[in-house]
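See structure below.
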Amino acid sequence: GAGVSQTPSNKVTEKGKYVELRCDPISGHTALYWYRQSLGQGPEFLIYFQGTGAADDSGLPNDRFFAVRPEGSVSTLKIQRTERGDSAVYLCASAGQGATDTQYFGPGTRLTVL
Amino acid sequence: GNSVTQMEGPVTLSEEAFLTINCTYTATGYPSLFWYVQYPGEGLQLLLKATKADDKGSNKGFEATYRKETTSFHLEKGSVQVSDSAVYFCALKPSGSARQLTFGSGTQLTVLP
């Protein structure tokens, strides 16, 4: 079946602009995660949804970052007033509702802030 | 807090060589441990996992044993292939209700023919 998909695959924006990154999870997966991966580093957790609600947003770096999942499927990560330090690959993962369920990752969106 | 420390790369081996990539962790309780792999141009894929002490995870000839006494989860393969060239990430999921993964910084492996 289809895996996790993310759009766009690449996004170039200017400092101060607003961006939205989209994640389509595997059908039927109730858990959805956002991570950020800087060059040469491992992914860092941003936020986790169980269904429509954010169960844990402790990884969001500041209030410029926000994510939604209004119907419990597709999620959008929103970044306001982008800064050059926001440049990274943003990864989405989805999983079943069990605590031990494997997280399946999408290919990521590479965000470049000029 | 939780953390994962991985052997720094890059690692370059000849085909059929023995591979070890070291991974140690810091966490309270009994976390679950994972190795993920990222092949060139592809997304992260789960390679293997272990959920309790002394468990051995294995897949595609790779193995790792959850050692609570040394807080380690070293990745091994007896005979690497060119197709194993990738970036390998060690990760943990804490015990309890938290679901997020904490990753190491990754180890780049290149296998030469």
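Every number here is computed from the coordinates shown, using simple stated rules; none is lab data. Remember, it's a predicted structure, so these values are computed and weren't measured experimentally. FYI the Cβ positions are ideal-geometry reconstructions off the backbone, even for glycines, and counts take in every protein chain you see.
Here are some notes:
- Taking A:100, A:76, A:30 as the candidate residues, the one with maximal mean-square fluctuation in a Gaussian network model of chain A, Cα springs under 10 Å, is A:100.
- The convex hull drawn around the Cα atoms of chain B, when projected onto a plane and averaged over every direction, covers 6.6 nm².
- Of the Cα atoms belonging to region A:22-114, the radius of gyration and Dmax stand at 12.7, 40 Å.
- The fraction of all Cα pairs in the protein assembly as shown landing in successive 5 Å bins from 0 to the largest distance is 1, 7, 14, 18, 18, 16, 12, 7, 4, 1, 0, given as whole percents.
- Gaussian network model of chain A, Cα within-10 Å springs - most flexible of A:72, A:16, A:98: A:98
- Per-residue average of Cβ from other chains inside 10 Å of A:42-50: 5
- Spatially, region B:9-88 and region A:1-80 are offset by 26 Å when compared through their Cα centroids.
- Projecting the Cα positions of B:66, B:98, B:14 onto the charge dipole of chain B (unit charges on Cβ atoms of Lys, Arg, Asp and Glu, taken about the Cα centre) puts B:98 furthest along the positive direction.
- Residue among A:31, A:95, A:55 with the largest mean-square fluctuation in a Gaussian network model of chain A, springs linking Cα atoms under 10 Å: A:55
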